[in-house]
Amino acid sequence: MEQMTNLEPQKLLEIFQSSISNIEGVRVRKMFGFPCAFFNDQMFMYLYHHGLVLRLNEADRAMSLEQGATPFAPKGGRGMREYVVMPDNIVGHQVELEQWIAQSLELVQGLKAKAKKRN
């Protein structure tokens, strides 16, 4: 079930942008019309409709779910296993959100860069 935030879309976008503004090596591009943050071509943070989505390892995912996050399921309930929609009480709290983003970034920094597709 996808969680929606009570934050205004513009405020959510501002939070997204300010959260990654000082992280070197992060690239932003759109996916399905929404901004996504990538490191080494691995997505770690995503705005989707009215939610802020993070990619987390299994332990962090479990902890986030205990704190109110919900599994990210963008297409008719089909979930993306490593991703959760963060709750407002975390998204609206800069210090706590930055800690979660750091966990997400740490996960993708440990992954190999995706191979470039040939055309």
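We did not get these values from a lab; they are worked out from the coordinates using the rules stated. Predicted model, so just to flag it, every value in this text is computed and none were measured. Methodologically, a virtual Cβ is constructed for each residue, glycine included, from the backbone with ideal geometry; neighbour enumeration extends over all protein chains shown.
Within region 36-49, which residues are over 15 Å from GLY110 (Cβ atoms) and surrounded by fewer than 17 Cβ atoms within 10 Å (Cβ to Cβ)?
Of the residues in region 36-49, the ones over 15 Å from GLY110 (Cβ atoms) are 36-37, 45-49.
Of everything in region 36-49, just one residue is over 15 Å from GLY110 (Cβ atoms) and surrounded by fewer than 17 Cβ atoms within 10 Å (Cβ to Cβ), namely HIS49.
Scanning region 50-93 for residues that are loosely packed, with under 14 Cβ neighbours inside 10 Å and among the basic types (Lys, Arg) gives LYS75, ARG78, ARG81. On the stretch given as region 65-106, residues that are in contact with a Phe, Trp or Tyr (Cβ under 7 Å, 6 or more places away or on another chain) and either farther than 16 Å from HIS50 by Cα or hydroxyl-bearing (Ser, Thr, Tyr) (or both) total 5.
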